[in-house]
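Right, one structure below, let's go through it.
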Amino acid sequence: MNEHGRQMTIETDSDSPRIMVVDDEEKVLTPIKVALEHIGYEVITFLDAQNALDELKNEIYDLIITDLKMPKIPGIKFIKEAKKISPNSDLIVMTGFPSVETAVKCMKLGAADYITKPFDMEYFNLIVKKAFYKRTLEKRAAEREYYEHISHVDGLTGLYNHNFFHNLMDGEISRAARYKHSFSLLMIDIDDFKRINDTYGHQVGNRVLKELASLLNSFVRKNDSVARYGGEEFAIIFSETAKEHGSIFGNRIVNGISSAKIKEISQDDRLTISAGLAGYPDDATTQEVLVKKADEALYQAKKMGKNTLCVYGKQNPC
């Protein structure tokens, strides 16, 4: 029952959550242990706060329930130490001397809830269930965030993947059209990457891709976006950047990669890239055409001997 006498049901998705209960009175610990074990929780009780802290150093508990007034170690100090040792454990505070000031202090230290003695066991069980329900929601939110993240990211390089790159382009075009901005698209291809794979093996080739991804990230600004377009091809969106400035950034990247020391391969096999640049709205106002024109400039860079940048539409593009 809740405070108003209405039945409340709260479900959790955890199998046998572990609960630590700390109180210096056996008559308090026993009914709590019985009631929580009846629900299906695994409950370990401690009469001594120091023993409880020692236990936390070796065992993981989902929830810690502690009294505030205890001998040897005051409850506030116990909370601080417990959260330091086991920051992922939720914590509920019990006290027979409630005050707003104490409640606020406990919450600031990380307590999830606060219950006053004497308490009704049904209400106590509800507080515990609420703590686990909140924990479940936070876990699900974290999982959703994680799966959303990996759906956007290339598993090998950690850059945005091909599919999410197209979403980024759609967003960039919409913003550029709305606010009358320019932006530039740089398409990149590793020169002679097949030779690196054939010489050093695919595992080394994968490590080279990861190292290149890291280098590309180091060359761009915070608002720019780097993606692995596919295989050994990459794409960079230079946000709010006209082609003349985009070409400066592009050349900096091409030169930076060619002079970088790639630890996975010998200096004789230095890593180089070819790159093609196109701009919105000068060269195209749709994603498909903009990518096509940046690719055409990239193809021109390959024809010009590689390790260079070509800019679409320029009289001397490379």
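Below, the figures for the structure above:
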quantity	calculated
Per-region count, the range 210-253, residues more than 15 Å from residue 185 (Cβ to Cβ), small (Gly, Ala, Ser) and touching a Ser or Thr at 6+ places or on another chain (Cβ under 9 Å)	2
Selection count, the range 197-248, where residues are part of a loop (DSSP other than H, G, I, E, B) and hydrophobic (A, V, I, L, M, F, W, C)	2
Matching residues in the range 219-249 - criterion: being of a type outside the set (D, E, K, R), more than 29 Å from the chain's Cα centre (by Cα) and buried (at least 17 other Cβ atoms within 10 Å of the Cβ)	246, 247
Matching option when the condition is of a type outside the set (A, V, I, L, M), touching a strand residue (DSSP E or B) at 6+ places or on another chain (Cβ under 8 Å) and in the same structural domain as residue 183 (by TED's automatic domain parsing), among 241, 286	241
Residue within the range 273-281 that is at pLDDT 95 or above and surrounded by fewer than 18 Cβ atoms within 10 Å (Cβ to Cβ) present	yes
Of all residues in the range 74-109 being more than 30 Å from residue 139 (Cβ to Cβ) and either modelled with pLDDT of 80 or more or of a type in the set (A, V, I, L, M, F, W, C) (or both), the one that is surrounded by the fewest Cβ atoms within 10 Å (Cβ to Cβ)	100
Residues of the range 163-201 satisfying the condition of being crowded, with 18+ Cβ neighbours inside 10 Å and among the β-branched types (Val, Ile, Thr)	173, 188, 190, 196
Test: residue in the range 116-123 that is in contact with a Pro (Cβ under 7 Å, 6 or more places away or on another chain) and either under 30 Å from residue 163 (Cβ atoms) or surrounded by 17 or more Cβ atoms within 10 Å (Cβ to Cβ) (or both)	no
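The values are calculated or read from the model by the stated rules, or taken from the named source; none is laboratory data. Predicted model only: the values in this text are computed from it and were never measured. When we count neighbours, we look across all protein chains shown, and the Cβ atoms used for this are built from the backbone with ideal geometry, even at glycine.
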